[in-house]
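Asker: Mind having a look at this structure? Questions to follow.
The values are calculated or read from the model by the stated rules, or taken from the named source; none is laboratory data. Keep in mind that what you see is a predicted model, and the values were worked out from it rather than measured. Every residue, glycine among them, receives a Cβ derived from its backbone with ideal geometry; neighbour counts consider all protein chains shown.
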Amino acid sequence: ATGSAAAEPIDESDQAYITPVTIGTPPQTLELDVDTGSSDLWVFSSHTPPSQIHGQQIYSPNKSSTAKLLEGHTWSITYGDGSASRGNVYIDNFTVGGLTAEKQAVQCAQQVSASFTRETHVDGLIGLGFSTLNTVSPKSQLTFFDNVKSGLDSPVFTADLKHGAAGTYDFGFVDKAKYSGEITYVPVNPDPGYWAFNSSGYAIGSGKFSASAITGIADTGTSLLYLPTAIVTAYYRQVEGATNSRTYGGYVFPCSSSLPSFTFGVADARITIPSAYINYAPITPGSSTCFGGLQSSSGVGINIFGDVALKAAFVVFNGGSPPTIGWAQK
Ligand SMILES: C[C@H](Cc1ccc(C(C)(C)C)cc1)[C@H](NN)c1nnnn1Cc1ccc2c(c1)OCO2
């Protein structure tokens, strides 16, 4: 089996991407944020206090003839940006891009933080990290990918995210039409539960490539690219008027500044992020000060190749044994 689903940016800065899914019988449609950096599949639901719902679509298990409460199980997650949610768990049919997991654990929110309430377009998250990170207790649950993997033509899913346009998540196959050149695969360390891999170094603009092993995670659920401070300061040294703002929590610069591109290595392959992707967004709508799409990882604790990096490439998340991750230009 194979599947293919759209990944639509929720705003003009590609802060997050949403993918349509259907849950239950008859099918209820929600739009979820595919997140390879976490492993809980949770949704706004009929159990979410109305005061915490601000336009989101909800899943009502009591309207699904195939929903079954997972008795005595709860979940609670706090994300690295401080966002959080918790609730109970139902087992139901879950379909993404024409691919159905019959008995998917659908975690229903009974509480969401203000950051989720504020994001009216996001009805929940599909965690596609490793199932070891799932927070359901007392028995942790499998991700959608782990549930459908054995039935896929190939145990993979791919991300083709785009800047200001709809991209795709494919399941079970690698679409040759979506990339150019060759895909370079490198090992993944699944122990932390993320798609952790080593980048081989970086270059700023047309500068020379600096070889250095950078361990990071490929995270579709994070907007920006977070790298070691030394790399980030070297980058913004080349940007007129760039400052590291305590007020805005990172590097900002005049929106009119010209920015160098940023290249990162994957083994002997090179992925170049166009400068436009690093001019992330005005600090507030209409401001002439812009926030950088490349920021220091020192406050985050881990290097994250988020959407700013991912949308410059075609990425293969290979769930075989051993797991690997593939990167190609496009
Ligand atoms: C933050 C997302 C999880 C999320 C996604 C979307 C949303 C909104 C819908 C409200 C837009 C909130 C939260 C990330 N996913 N793997 C994550 N979950 N746990 N760690 N990370 C990565 C990290 C960690 C720390 C950081 C960070 C990033 O950005 C700033 O500081």
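Asker: Would you mind stating whether E102 is away from the ligand (no atom under 16 Å from the Cβ), surrounded by fewer than 23 Cβ atoms within 10 Å (Cβ to Cβ) and more than 30 Å from I325 (Cα to Cα)? So that I can check it myself, show each step before the final result.
Answerer: Values: away from the ligand (no atom under 16 Å from the Cβ): yes; surrounded by fewer than 23 Cβ atoms within 10 Å (Cβ to Cβ): yes; more than 30 Å from I325 (Cα to Cα): no.
Considered against the rule, which asks whether it is away from the ligand (no atom under 16 Å from the Cβ), surrounded by fewer than 23 Cβ atoms within 10 Å (Cβ to Cβ) and more than 30 Å from I325 (Cα to Cα), E102 comes out as no.
Asker: Sort through G87, G82, G55 and tell me the only one that's under 27 Å from Q15 (Cβ atoms) and surrounded by 15 or more Cβ atoms within 10 Å (Cβ to Cβ).
Answerer: On the way: G82 fails: surrounded by 15 or more Cβ atoms within 10 Å (Cβ to Cβ); G55 fails: surrounded by 15 or more Cβ atoms within 10 Å (Cβ to Cβ).
Unique residue meeting the criteria: G87.
Asker: If I ask for residues that are surrounded by 17 or more Cβ atoms within 10 Å (Cβ to Cβ) and more than 15 Å from the ligand (Cβ to nearest atom), which ones from segment 23-37 would you list?
Answerer: Keep residues of segment 23-37 that are surrounded by 17 or more Cβ atoms within 10 Å (Cβ to Cβ), which gives 23-24, 28, 30-37.
Within segment 23-37, I23, G24, Q28 meet the criteria.
Asker: Could you grab the pairs with beta carbons closer than 6 Å, sequence gap of 6+ or different chains, first residue in segment 288-306 and over 16 Å from I273 (Cα atoms) and among the β-branched types (V, I, T), second one near the ligand (Cβ under 9 Å from one of its atoms) and part of a strand (DSSP E or B)?
Answerer: Hits for this filter: V300/Y226.
Asker: Same structure again: Are any of the residues in segment 130-145 β-branched (V, I, T), within 15 Å of the ligand (Cβ to nearest atom) and in contact with a Phe, Trp or Tyr (Cβ under 9 Å, 6 or more places away or on another chain)?
Answerer: Just the residues of segment 130-145 that are β-branched (V, I, T), to begin with: 132, 135-136, 143.
From what is left, the residues that are within 15 Å of the ligand (Cβ to nearest atom) are 132, 135, 143.
Those left that are additionally in contact with a Phe, Trp or Tyr (Cβ under 9 Å, 6 or more places away or on another chain): 135, 143.
Among the residues of segment 130-145, at least one is β-branched (V, I, T), within 15 Å of the ligand (Cβ to nearest atom) and in contact with a Phe, Trp or Tyr (Cβ under 9 Å, 6 or more places away or on another chain), which makes the answer yes.
Asker: Give the number of residues within segment 50-90 that are part of a loop (DSSP other than H, G, I, E, B) and either within 16 Å of the ligand (Cβ to nearest atom) or not hydrophobic (A, V, I, L, M, F, W, C) (or both).
Answerer: Taking segment 50-90 and keeping what is part of a loop (DSSP other than H, G, I, E, B), we get 53-58, 60, 64-67, 79-83.
Okay, now just the ones that are also either within 16 Å of the ligand (Cβ to nearest atom) or not hydrophobic (A, V, I, L, M, F, W, C) (or both), so 53-58, 60, 64-66, 79-83.
Result for segment 50-90: 15.
Asker: Please enumerate the residues belonging to segment 109-126 that are buried (at least 24 other Cβ atoms within 10 Å of the Cβ) and in contact with a Gly (Cβ under 8 Å, 6 or more places away or on another chain).
Answerer: A109, L125
Asker: Now a separate question. Out of (1) buried (at least 18 other Cβ atoms within 10 Å of the Cβ); (2) within 16 Å of the ligand (Cβ to nearest atom); (3) farther than 18 Å from L142 by Cα, the odd one out for Q15 is which?
Answerer: The single condition Q15 does not satisfy is (1).
Asker: Inside segment 278-319, can you point out the residues that are part of a loop (DSSP other than H, G, I, E, B), more than 11 Å from the ligand (Cβ to nearest atom) and within 19 Å of the chain's Cα centre (by Cα)?
Answerer: Answer for segment 278-319, where residues must be part of a loop (DSSP other than H, G, I, E, B), more than 11 Å from the ligand (Cβ to nearest atom) and within 19 Å of the chain's Cα centre (by Cα): G293, K311, A312, A313, G319.
Asker: Quick check on my filter: what residues within segment 174-189 are of a type outside the set (V, I, T), surrounded by fewer than 17 Cβ atoms within 10 Å (Cβ to Cβ) and either part of a loop (DSSP other than H, G, I, E, B) or in contact with a strand residue (DSSP E or B) (Cβ under 8 Å, 6 or more places away or on another chain) (or both)? Please lay out each step first, then the result.
Answerer: The initial filter retains those residues of segment 174-189 that are of a type outside the set (V, I, T), namely 175-182, 185, 187, 189.
Now restrict to residues that are surrounded by fewer than 17 Cβ atoms within 10 Å (Cβ to Cβ): 175-178, 180-182, 187, 189.
Passing the criteria: D175, K178, S180, G181, E182, P187, N189.
Asker: Considering every residue within segment 233-242, establish whether at least one is at pLDDT 95 or above, within 17 Å of A309 (Cβ to Cβ) and assigned to a loop (DSSP other than H, G, I, E, B).
Answerer: no
Asker: Would you check if Y277 is in contact with a His (Cβ under 9 Å, 6 or more places away or on another chain), modelled with pLDDT of 95 or more, under 24 Å from K162 (Cα atoms) and of a type outside the set (A, V, I, L, M, F, W, C)? Talk me through it step by step, then tell me what you get.
Answerer: Numbers: in contact with a His (Cβ under 9 Å, 6 or more places away or on another chain): yes; modelled with pLDDT of 95 or more: yes; under 24 Å from K162 (Cα atoms): yes; of a type outside the set (A, V, I, L, M, F, W, C): yes.
It is true that Y277 is in contact with a His (Cβ under 9 Å, 6 or more places away or on another chain), modelled with pLDDT of 95 or more, under 24 Å from K162 (Cα atoms) and of a type outside the set (A, V, I, L, M, F, W, C).
Asker: I need a count of the residues in segment 91-109 that are over 19 Å from the mean Cα position of the chain (by Cα), farther than 25 Å from T222 by Cβ and either part of a strand (DSSP E or B) or among the basic types (K, R) (or both).
Answerer: Qualifying residue count, segment 91-109: 6.
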